[in-house]
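Single-structure report; data block below.
The values are calculated or read from the model by the stated rules, or taken from the named source; none is laboratory data. Just so you know, these numbers come straight off a predicted model, no measurement behind them. Reconstructed Cβ throughout: ideal geometry from the backbone, glycine too, with neighbour counts over all protein chains shown. When the accessible area is computed, the model is the full protein with side chains, heavy atoms only, and any ligands, DNA or RNA have been set aside. Shrake-Rupley method; radii C 1.70, N 1.55, O 1.52, S 1.80 Å.
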Amino acid sequence: LSPADIISTVEFNHTGELLATGDKGGRVVIFQREPESKNEPYNQGEYNVYSTFQSHEPEFDYLKSLEIEEKINKIKWLPQQNAAHSLLSTNDKTIKLWKITERDKRPEGYNLKDEEGKLKDLSTVTSLQVPVLKPMDLMVEVTPRRIFANGHTYHVNSISVNSDCETYMSADDLRINLWHLAITDRSFNIVDIKPANMEDLTEVITASEFHPHHCNLFVYSSSKGSLRLCDMRASALCDKHSKLYEEPEDPSNRSFFSEIISSVSDVKFSHSGRYMLTRDYLTVKVWDLNMETKPVETYQVHDYLRSKLCSLYENDCIFDKFECAWNGSDSVIMTGAYNNFFRMFDRNTKRDVTLEASRESSKPRAILKPRRVCVGGKRRKDDISVDSLDFTKKILHTAWHPTENIIAIAATNNLYIFQDKVNSEMH
């Protein structure tokens, strides 16, 4: 396994027809869903590679003697305005806007050029012809439209496109910037939590997202486990948040690791815009925008790791940043875990399931078997012991199709796409 092949982000576009992945080697791979065919109904919805391109290259910052990795931190699709598709991709420093277009015709019959494209001897050109468009094999062309550089001193962890379809924001550890999609040489700083003296630094920004319907609202999460909802109508610099969502810690659970595991690694608005989903090290929580004091739902992702925090701290796994996702109707949430497991929680029935993304389960039309982790004591036949979990196999990045039961799971360097039957356990 080459480290460059490790998938670092997955993102469906707004229709779910396209799925993009970014990796540590700076590449973006776009998959396209095949149309349903009459004679092979089983093949409906298979995703095949549509286009692959190098989005970012490794760079070197000579002033700071720092290497800037090419790794793609995030990809965000822009709502489609015409036949072309557009997406934003970012590494730690530079955000790029890419345009993806298709070409299936080419002009033939030039007057001044031959078929190879060389200029003809003008003395031989005696008549004029009208060039015609002839069909050719489909070509997918990817072109960089804009490069948004020099906006960030620290590492970019999130980008989010506004519902106004004209602006987007990018967040790093200490600041959030607002950009116009057409303007590359300036951005507006809308959040700055950098203290005057860096020794006083107590928290960093971990994730940020625009509200799906209100273009003035956005949320950002912090390493201290809090969420801040900000309103850009209230003031240009949103350092004074409108609402602070924070759950007081249970003193009986207090330990050396409390602060590390309460850091929020991801925040996502529900499609309805009424709820926010957050992931910290051991739980996913659903927050109602109208209730700041505590989450309305808390789900344990892998509570059996609570006794293992010491060794997870020693092997650095405790700093892993897991993402979370909503299904299209906001009724089920999904997040990853170790051992290539991922978890789903049904908000209505309160049932949950652990599934595994593995070679065995990825045979076409194989049904995913629920997995169980047991802690000591009696083991059932298919249970896996908490001591034999593989912590190098972690599912950090997941995505859910905007309307259908199709999910994309990044397991190290493999992308798994499960569909339809996935939720037979849940519903």
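Miscellaneous remarks
- Residue match in the range 89-112 (condition: touching a Phe, Trp or Tyr at 6+ places or on another chain (Cβ under 8 Å), closer than 20 Å to Trp400 by Cβ, of a type outside the set (Gly, Ala, Ser) and open to solvent by 30 Å² or more (accessible area, probe 1.4 Å)): no
- Selection over the range 383-401 of residues that are touching a Phe, Trp or Tyr at 6+ places or on another chain (Cβ under 7 Å) and part of a strand (DSSP E or B) gives a count of 4.
- Of Ala4, Ala83, Ala20, all but one fail to be of a type in the set (Gly, Ala, Ser), exposed (fewer than 13 other Cβ atoms within 10 Å of the Cβ) and either in contact with a Gly (Cβ under 7 Å, 6 or more places away or on another chain) or more than 17 Å from Ile147 (Cβ to Cβ) (or both); the exception is Ala83.
- Strands (runs of 3 or more DSSP E) wholly inside the range 284-351 that include at least 3 residues being of a type in the set (Val, Ile, Thr) and surrounded by 13 or more Cβ atoms within 10 Å (Cβ to Cβ): 332-336
- Scan of the range 259-283 for residues that are part of a strand (DSSP E or B) and closer than 17 Å to Glu11 by Cβ, ordered by number: Asp266, Val267, Lys268, Phe269, Leu277, Arg279
- Under the condition of being within 30 Å of Gly151 (Cα to Cα) and assigned to a strand (DSSP E or B), the residues counted in the range 93-117 number 7.
- Of all residues in the range 352-377 being aliphatic (A, V, I, L, M) and outside any strand (DSSP E or B), the one that is farthest from Glu297 (Cα to Cα): Ala366
- Residues of the range 219-260 satisfying the condition of being farther than 18 Å from Glu292 by Cβ, in contact with a strand residue (DSSP E or B) (Cβ under 9 Å, 6 or more places away or on another chain), aliphatic (A, V, I, L, M) and open to solvent by less than 50 Å² (accessible area, probe 1.4 Å): Met232
- Residues (closer than 20 Å to Thr283 by Cα and not in a strand (DSSP E or B)) located in the range 216-247: Ser223, Lys224, Gly225, Ser226, Glu246, Glu247
- Candidate set from the range 66-80 (those that are assigned to a strand (DSSP E or B) and not aromatic (Phe, Trp, Tyr)); member that is least open to solvent (accessible area, probe 1.4 Å): Ile75
- Filter result (open to solvent by 90 Å² or more (accessible area, probe 1.4 Å) and touching a residue at least 24 places away in the same chain (Cβ under 8 Å)) within the range 117-134: Leu133
- Filter pass, Val267 being at pLDDT 95 or above, in contact with an Asp or Glu (Cβ under 7 Å, 6 or more places away or on another chain) and surrounded by 15 or more Cβ atoms within 10 Å (Cβ to Cβ): yes
- The range 36-65 residues that are in a helix (DSSP H, G or I) and surrounded by 12 or more Cβ atoms within 10 Å (Cβ to Cβ), paired with ones that are modelled with pLDDT of 80 or more and of a type in the set (Asp, Glu) (beta carbon under 9 Å, 6 or more apart): Asn43/Glu34
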